1. Between a first residue in region 26-46 that is under 23 Å from residue 321 (Cβ atoms) and a second residue that is within 16 Å of the ligand (Cβ to nearest atom) and in a strand (DSSP E or B), which pairs have beta carbons less than 7 Å apart while being 6 or more apart in sequence or on different chains?
2. Those residues that are part of a loop (DSSP other than H, G, I, E, B), buried (at least 17 other Cβ atoms within 10 Å of the Cβ) and not hydrophobic (A, V, I, L, M, F, W, C), I need them from region 132-165; list them, please.
3. Would you mind telling me which numbered condition in (1) aliphatic (A, V, I, L, M); (2) surrounded by 24 or more Cβ atoms within 10 Å (Cβ to Cβ); (3) more than 30 Å from residue 98 (Cα to Cα) residue 342 fails?
4. Please verify whether residue 114 is closer than 29 Å to residue 314 by Cβ and either touching a Phe, Trp or Tyr at 6+ places or on another chain (Cβ under 8 Å) or surrounded by fewer than 18 Cβ atoms within 10 Å (Cβ to Cβ) (or both), treating the condition exactly as stated.
5. Answer yes or no: is there a residue in region 349-370 that is in a loop (DSSP other than H, G, I, E, B), more than 16 Å from the ligand (Cβ to nearest atom) and under 12 Å from residue 20 (Cβ atoms).
6. Could you check, for region 52-68, whether at least one of its residues is within 11 Å of the ligand (Cβ to nearest atom), assigned to a loop (DSSP other than H, G, I, E, B) and under 16 Å from the mean Cα position of the chain (by Cα)?
7. Can you tell me which residues in region 184-214 are within 15 Å of the ligand (Cβ to nearest atom) and touching a residue at least 40 places away in the same chain (Cβ under 8 Å)?
8. Just to be sure before I move on: is residue 65 under 19 Å from residue 362 (Cα atoms), in contact (Cβ under 8 Å) with a residue 60 or more places away in the chain, touching a Leu at 6+ places or on another chain (Cβ under 8 Å) and buried (at least 23 other Cβ atoms within 10 Å of the Cβ) in the structure I sent?
Amino acid sequence: AHARLTVDSAFEVAPVNDRLFGSFVEHLGRCVYEGVYEPNHPTADENGFRQDVIDLVKELGVTTVRYPGGNFVSGYRWEDGVGPKENRPRRLDLAWHSTETNEFGLHEMAKWLEKTGGNELMEAVNLGMRGTQEALDLLEYANIPGGTELSERRRANGADEPFNIRMWCLGNEMDGDWQLGHLNAEDYAKKARMTALGMRQIDPDLELVACGSSSHEMPAFGEWEETVLTHTFDLIDFISCHAYYWPKNGDVTSFLASGADMDSFIKDVAAAIDATKARLKSDHEVYISFDEWNVWYQDSEPSKNPEGIGNWPEHPHLLEDIYSAADAMVFGDLLITLLKNADRVHAASLAQLVNVIAPIMTVTGGDAWRQTTFYPFSLTAKHAKGGTVLEPKLASDRHHTDKYGDVDTLNAVAVREADGSLAVFVANRSADQSGEFEIDLPDDASYTVVEAQTLHDDDPDARNTADDQNHVVPAVNDTAVLDAAAGTVKVSVPPISWTVLHCR
Ligand code: AHR
């Protein structure tokens with residue numbers, strides 16, 4: 001397959017928002033407990049945080065962290081997780097059929113984020129089993145400096161300064177029948193509106209995220225967006241998208257082209273935003289928070305909840321997918337797609353961060369290690385953060401998929417980095433054809449060097465594991481050639497691969 005990307009530095013899509021490299025920590029399985037927090041681990045600090053995990057989170061390049069759920073938040077009482085640990089209640093977590101010990105809560109998360117380098121907290125409120133009042137209480141607790149019952153309670157609990165949380169999710173996946181307290185579009189829209197109004201009375205500068213559909217495939221997709229946006233438009237800053245991909249019914253060809261679906265999902269939601277804006281004659285801007293995205297084998301064994309009235313384990317192994325080289329290519333392509341849409345997507349959260357469908361895995365009491373998906377994330381964050389996405393003028397050979405019709409075989413995007421160098425990310429979605437990829441460099445470019453790294457394994461099913469941690473890692477791609485006189489870069493990319501090129 002062949003593709004040519006024409007890069008013109010005069011045509012920009014948008015600056016890359018740091019928040020595109022957000023992630024997600026839910027009280028689910030071993031994400032918090034034994035992932036982030038394991039007091040008995042040899043590397044644990046005075047707070048019980050695993051230092052080896054903190055180091056990998058920094059290396060990954062994550063920015064915002066969405067917390068505490070996910071489905072979990074729709075049954076969560078935030079008060080359970082604050083105050084002296086010995087007084088915190090043990091609760092049933094209905095979403096994941098587990099016991100929540102509440103040893104870790106808002107204060108611990110805020111402190112952990114300081115330790116990871118000052119990442120931003122993106123807090124979700126419970127609009128499932130709870131409502132506006134509890135959301136307002138949490139906001140008062142978190143953001144009011146002092147002098148009221150709840151702000152003073154925070155201070156008494158050890159946080160003298162407010163947490164000053166800017167970004168808030170108004171519930172989670174409120175259209176899904178798996179969600180505790182899920183609602184129809186009209187009822188959710190009214191609840192979100194009421195909550196947003198109240199929250200803005202406390203703190204007008206918040207950035208609020210309304211729930212969009214739980215996936216592009218929800219039966220009410222589109223209608224849901226229209227209703228929610230109509231009721232909340234001037235009160236919100238974001239509407240959410242969530243998407244998980246895996247080879248449904250064994251259809252690997254479509255799976256490898258998942259980026260094509262993410263792209264049309266974003267374009268559909270952007271169209272709903274634009275239509276509502278026009279209809280309401282509003283000059284307010286609403287962006288997309290793609291606040292859950294990943295590869296997730298939803299119907300496989302690791303995603304089965306515990307069962308039984310007497311069986312509510314503490315932090316069981318749940319959703320611990322081990323990712324292959326092919327999964328990492330799809331994952332990298334999803335990042336390319338987010339970047340291509342950087343004008344509409346101003347925030348995104350990789351779901352999730354540790355152990356649960358995560359780039360970072362831990363052995364209880366043992367190592368922390370990198371999944372295959374760790375690398376496209378860390379390399380994209382490293383090169384794209386602080387940069388500007390340039391208009392992707394891409395002419396690629398195409399091939400057919402049963403699910404998404406004809407798709408570009410090679411997908412790519414270019415980012416001008418803060419130092420003037422150029423990063424180009426390329427995914428080869430073909431299962432059997434290598435790709436000849438060519439970049440037509442900007443006329444004003446004076447690059448002299450190109451470096452390329454490719455993530456690929458001849459066995460697309462190859463994985464890293466705790467016992468073989470470096471089985472699939474990026475390798476130098478020495479086929480990359482820069483021809484300064486012709487203003488081109490050429491590189492060969494193997495089937496099912498993800499590549500980053502850096503021209504400087
Ligand atoms: O990330 C796992 C789950 O996926 C989240 O809890 C939920 O919001 C989504 O369905």
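1. From region 26-46, the pairs are 27/93; 27/100; 31/354; 35/354; 36/354.
2. Passing the criteria: only 162.
3. Failing condition for residue 342: (2).
4. Details: closer than 29 Å to residue 314 by Cβ: yes; either touching a Phe, Trp or Tyr at 6+ places or on another chain (Cβ under 8 Å) or surrounded by fewer than 18 Cβ atoms within 10 Å (Cβ to Cβ) (or both): yes.
Yes: the conditions hold for residue 114.
5. No, region 349-370 contains no residue that is in a loop (DSSP other than H, G, I, E, B), more than 16 Å from the ligand (Cβ to nearest atom) and under 12 Å from residue 20 (Cβ atoms).
6. yes
7. 188, 209, 210, 211, 212, 214
8. Considered against the rule, which asks whether it is under 19 Å from residue 362 (Cα atoms), in contact (Cβ under 8 Å) with a residue 60 or more places away in the chain, touching a Leu at 6+ places or on another chain (Cβ under 8 Å) and buried (at least 23 other Cβ atoms within 10 Å of the Cβ), residue 65 comes out as yes.
No value in this document is a laboratory result; all are computed from the given coordinates. For clarity, every value in this text was computed on a predicted model and none was experimentally measured. Counting neighbours? That spans all protein chains shown, and the Cβs are built from the backbone with ideal geometry, glycine included.
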